[in-house]
Amino acid sequence: MDHPVTHLSLCAGYGGIDHGLRNVFSNLRTVSYVEIEAAACQNLVFQMQKGSLDEAPIYTDLYTFYGKPYRDKVSIISAGFSCQPFSTNGKRESTEDERYIWPEIDRVIGEVKPATVFIENVRGIISAQVDGSDESSVLLDVLCRLEVRGYR
C-alpha cells in the first residue's frame with residue numbers, strides 16, 4: 001500500500017481544494033484544517049461526518065496556528081486565502097487590507113516545510129500592488145517568497 005499523501009488545509013473554506021486534491025491523490029489524508037469562518041467550519045464538520053472529507057482537527061485562527069508540529073509530517077499545504085483584498089468587486093486595498101493574510105501562510109509554510117504548496121486566489125491578485133506601490137506586484141511577491149523557500 002502506498003504511503004498517504006498528507007495534507008494541511010489552510011483557509012480551508014468549504015473544502016473545495018481538499019476535494020480537488022482527493023481527485024488527484026487517491027491516498028490523500030488531510031491531517032488538519034485551518035478556517036476562521038464559523039459557517040465554513042460547520043460545513044467542514046458536516047462533510048467529515050458524512051465521510052466526504054477526512055476527520056481532522058479544525059483550527060480557527062491562522063495567526064495563532066503553530067505549524068512546527070507538522071514538520072516532516074505533511075506532504076502538501078494548500079491555501080485558498082482571502083480574495084477580498086484583490087477582488088475587482090471590492091476596494092482592492094491589497095496588502096493594506098486587514099484580510100491580507102499571505103504573510104501568515106508564508107510563516108506556516110516555513111514552519112512545516114512541505115514538499116508541495118498549492119495556493120489559489122482570484123485573478124485580481126495579478127494586478128494588485130504591494131503597499132499601494134506601482135513597483136511590486138502581490139503575485140510576484142508571493143512567488144518570490146515561495147522561491148526563496150525553495151519552491152518552483
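The values are calculated or read from the model by the stated rules, or taken from the named source; none is laboratory data. These figures come from a predicted structure and were not determined experimentally. Neighbour counts are summed over all protein chains in view; Cβ atoms, including those assigned to glycine, are modelled from backbone coordinates with ideal geometry. The protein model used for the area step is the full one, side chains on, heavy atoms only, and it has no ligands, DNA or RNA in it. Shrake-Rupley method; radii C 1.70, N 1.55, O 1.52, S 1.80 Å.
What the table shows:
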item: Filter result (touching a Ser or Thr at 6+ places or on another chain (Cβ under 9 Å) and of a type outside the set (Asp, Glu)) within region 47-64; result: Leu53, Ala56, Pro57, Ile58, Tyr59
item: Residue identified as modelled with pLDDT of 95 or more and acidic (Asp, Glu) among Asp54, Asp72, Asp97; result: Asp54
item: Total residues in region 1-24, condition exposed (fewer than 15 other Cβ atoms within 10 Å of the Cβ) and in contact (Cβ under 8 Å) with a residue 40 or more places away in the chain; result: 1
item: Subset tally (residues that are polar (S, T, N, Q), closer than 15 Å to Ala79 by Cα and modelled with pLDDT under 85) for region 103-134; result: 1
item: Pairs, first open to solvent by 60 Å² or more (accessible area, probe 1.4 Å) in region 27-55, second charged (D, E, K, R), C-beta under 8 Å, six or more apart; result: Arg29/Asp54; Ile36/Asp61
item: Count of region 1-30 residues which are touching a helix residue (DSSP H, G or I) at 6+ places or on another chain (Cβ under 7 Å) and outside any loop (DSSP other than H, G, I, E, B); result: 6
